[in-house]
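J.: For reference, the structure I am asking about is given below.
The values are calculated or read from the model by the stated rules, or taken from the named source; none is laboratory data. Quick caveat, the model's predicted, so the values are computed rather than measured. Cβ coordinates were reconstructed from backbone atoms using ideal geometry, including for glycine residues, and neighbour counts include every protein chain displayed. Calculation scope for accessible area: heavy atoms of the full protein, side chains included, ligands and nucleic acids excluded. Shrake-Rupley method; radii C 1.70, N 1.55, O 1.52, S 1.80 Å.
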Amino acid sequence: MLTSLSSTRFGNSVGGQLAIASIAWPNKWVILIGSLLSTIGAGMQSLTGAPRLLQAIAKDGIIPVLAPFAKSTARGEPFRALMFTASGSLRGP
């Protein structure tokens, strides 16, 4: 089974599949779906932390151009920074 182990630019593979997925129990999809959900979770965590960081930088006046992002809603949410971050992430690379 591991005789055709080769290294690619994406990591180790067995016959074009992830090496760990080939020995996963009960199915290879457990590893693949887990990796996908982990990636989505990390992305969502970044979307919740980035606006607060942007607002903090704007409030401290470190970068004067970011001053409009220092404002927050009545509940303390960084709405402007959130919209800026969301638009940047939706725009893509």
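J.: Among (1) assigned to a helix (DSSP H, G or I); (2) at pLDDT 80 or above; (3) of a type in the set (Ser, Thr, Tyr), where does THR3 come up short?
T.: For THR3, the failing item is (2).
J.: I need every pair where a residue in segment 22-41 that is more than 23 Å from SER89 (Cα to Cα) has its Cβ under 6 Å from the Cβ of a residue that is open to solvent by 90 Å² or more (accessible area, probe 1.4 Å), sequence separation at least 6 or different chains.
T.: Note: pairs meeting the criteria are ILE31/ILE20.
J.: Additional query: Out of everything in segment 61-93 that is open to solvent by less than 40 Å² (accessible area, probe 1.4 Å) and in contact (Cβ under 8 Å) with a residue 24 or more places away in the chain, what residue ends up being farthest from the chain's Cα centre (by Cα)?
T.: The qualifying residue farthest from the chain's Cα centre (by Cα) is PRO78.
J.: Among (1) part of a loop (DSSP other than H, G, I, E, B); (2) open to solvent by less than 90 Å² (accessible area, probe 1.4 Å), where does SER46 come up short?
T.: (1)
J.: Go through the residues of segment 34-41 one by one and say whether even a single one is in a helix (DSSP H, G or I) and modelled with pLDDT under 90. Working first, answer last.
T.: Of segment 34-41, the ones in a helix (DSSP H, G or I) are 34-41.
Now restrict to residues that are modelled with pLDDT under 90: 34-35.
Yes, segment 34-41 contains a residue that is in a helix (DSSP H, G or I) and modelled with pLDDT under 90.
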